[in-house]
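Reading through the structure tokens given below for one structure.
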């Protein structure tokens with residue numbers, strides 16, 4: 001079992017001030033795979049102080065210095081990608097094939113995208129020809145507390161850490177205590193790349209501990225958080241006392257609008273996307289809304305695909321889905337599956353309990369409900385497991401109404417061969433992102449949502465701007 005009871009503060013691996021240990025559990029086996037320490041107030045204070053002390057020099061560093069370090073980090077990340085995949089697979093249960101591709105790959109993808117965006121980003125801009133002596137300067141916001149989730153560890157770490165570093169901010173990272181091993185490996189890469197001491201710091205802890213301490217800390221200028229809407233609300237309230245900037249990427253309950261003229265792979269595409277990463281994605285299309293003429297066929301297809309979805313240990317190669325991350329998550333999913341049955345949804349695949357032949361690990365049966373009403377809990381609460389709800393609709397207007405009838409607004413999906421309708425519906429969906437006919441967002445596309453899905457954007461130039469303050473300067477001396 002790995003011993004990971006140190007924190008990375010001011011360029012060194014240091015012991016916690018007070019030793020409070022936590023075991024990291026492999027969700028495929030329910031056995032511990034590592035031991036970490038949970039930080040206390042003194043550890044948080046030390047990390048914030050290191051970031052504050054480093055901010056003066058790092059905030060004034062030039063673009064080329066930061067680019068060189070980020071490019072070195074990208075080389076190291078790629079060289080150690082197998083280590084990263086193994087860490088992610090063991091800590092949160094992603095099948096190793098998925099961990100090597102999408103999970104680990106998301107990290108290098110974002111690093112490279114931010115490097116590209118940084119190369120042409122304008123930190124100094126003219127207000128306009130009407131005001132030749134006015135300049136708009138974009139300054140680093142300051143010391144940032146970054147709080148990341150367990151479900152896509154490197155995706156979220158790189159979406160926060162890289163733009164913070166690229167714009168001249170210093171930071172303290174608190175990864176999820178459920179999946180900290182990948183972040184600690186990432187900290188090793190930061191150290192190996194040669195970033196100045198104090199620019200990047202890592203303290204492990206839980207939300208009530210280090211998370212709350214960062215949120216309320218008077219020397220932290222910004223909190224960037226990805227996680228549950230419940231926690232995001234609490235963070236916003238805590239950060240208000242010091243008027244911090246708060247960027248939130250929260251929950252989702254994505255609707256997948258499948259019209260009768262959808263392509264033949266639309267149902268398969270939607271179900272696979274819903275079940276990917278064992279359903280543990282905030283942008284998963286968990287509500288499939290199907291136009292009535294296609295509805296019965298869609299239900300039958302989804303049921304067959306779900307029953308044919310393999311579930312297996314995360315260490316095994318293949319296209320199966322793995323376990324969900326923890327006992328608490330497993331119990332929540334089981335409760336909601338049973339609630340769907342009790343409320344009258346028609347169970348057409350899966351159901352409560354573990355898959356046949358599996359008696360250990362947090363494995364969930366791939367589950368599909370049909371005839372799901374909008375008032376049912378499974379249509380309204382983010383389940384975060386391999387559970388798909390299918391609902392019929394009779395008109396475009398009804399589909400849009402159902403899709404928008406949620407407190408969330410992260411990602412919605414449209415399947416139709418009518419390009420005019422696709423554009424018309426996309427404009428009316430109340431979400432930060434819309435995917436049409438299975439086309440994934442391009443590199444640098446902004447990731448974020450409306451309503452209780454959050455209030456920030458990550459990725460590309462939008463991700464850089466999240467970590468910058470706008471300064472208006474008038475009377476700028478004319479260039480000779």
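Table for the structure above
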| item | result |
| --- | --- |
| Top-ranked residue in the range 234-277 [being out of contact with any strand residue (DSSP E or B) (no Cβ under 9 Å at 6 or more places or on another chain) and outside the structural domain of residue 322 (by TED's automatic domain parsing); ranked as nearest to residue 299 (Cα to Cα)] | 234 |
| Hits in the range 431-451 (condition: within 25 Å of residue 228 (Cα to Cα), touching a strand residue (DSSP E or B) at 6+ places or on another chain (Cβ under 9 Å) and buried (at least 16 other Cβ atoms within 10 Å of the Cβ)) | 431, 432, 433, 434, 435, 446, 447, 448, 449 |
| Restricting the range 110-134 to residues that are free of Cβ contacts under 8 Å to residues at least 24 places away in the same chain and under 35 Å from the mean Cα position of the chain (by Cα), the residue that is farthest from residue 65 (Cα to Cα) | 126 |
| Only listed residue being more than 30 Å from residue 139 (Cβ to Cβ), touching a residue at least 24 places away in the same chain (Cβ under 8 Å) and touching a strand residue (DSSP E or B) at 6+ places or on another chain (Cβ under 9 Å), chosen from 24, 48, 20 | 24 |
| Any hit, the range 328-342, residues being within 18 Å of the chain's Cα centre (by Cα), touching a residue at least 40 places away in the same chain (Cβ under 8 Å) and assigned by TED's automatic domain parsing to the domain that holds residue 414 | yes |
| Index of the failed condition, residue 398 passing every other in (1) within 26 Å of residue 265 (Cβ to Cβ); (2) over 24 Å from the mean Cα position of the chain (by Cα); (3) touching a residue at least 12 places away in the same chain (Cβ under 8 Å) | (3) |
| Hits in the range 449-473 - residues which are more than 17 Å from residue 141 (Cβ to Cβ) and part of a loop (DSSP other than H, G, I, E, B) | 449, 450, 459 |
| Subset of the range 413-438 (residues that are within 24 Å of the chain's Cα centre (by Cα), under 19 Å from residue 267 (Cβ atoms) and outside any strand (DSSP E or B)) | 437, 438 |
| Residues that are free of Cβ contacts under 8 Å to residues at least 24 places away in the same chain and over 17 Å from residue 162 (Cα atoms), drawn from the range 70-109 | 79, 82, 85, 86, 100, 101 |
| Among (1) touching a strand residue (DSSP E or B) at 6+ places or on another chain (Cβ under 9 Å); (2) assigned by TED's automatic domain parsing to the domain that holds residue 261; (3) surrounded by fewer than 16 Cβ atoms within 10 Å (Cβ to Cβ), the one test that residue 470 misses | (2) |
| Total residues in the range 102-125, condition outside any helix (DSSP H, G or I) and out of contact with any strand residue (DSSP E or B) (no Cβ under 7 Å at 6 or more places or on another chain) | 2 |
| Only one of 214, 271, 248 that is within 27 Å of residue 66 (Cβ to Cβ) and part of a helix (DSSP H, G or I) | 214 |
| Some residue of the range 192-201 being in contact with a helix residue (DSSP H, G or I) (Cβ under 8 Å, 6 or more places away or on another chain), under 13 Å from residue 146 (Cα atoms) and not in a loop (DSSP other than H, G, I, E, B) | yes |
| Residue check, residue 156 in contact with a strand residue (DSSP E or B) (Cβ under 6 Å, 6 or more places away or on another chain) and either crowded, with 24+ Cβ neighbours inside 10 Å or in a helix (DSSP H, G or I) (or both) | yes |
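The values are calculated or read from the model by the stated rules, or taken from the named source; none is laboratory data. As the structure is a computational prediction, the values presented were derived from the model and not from experiment. Note that we place each Cβ from the backbone using ideal geometry, even for glycine, and neighbour counts take in every protein chain shown.
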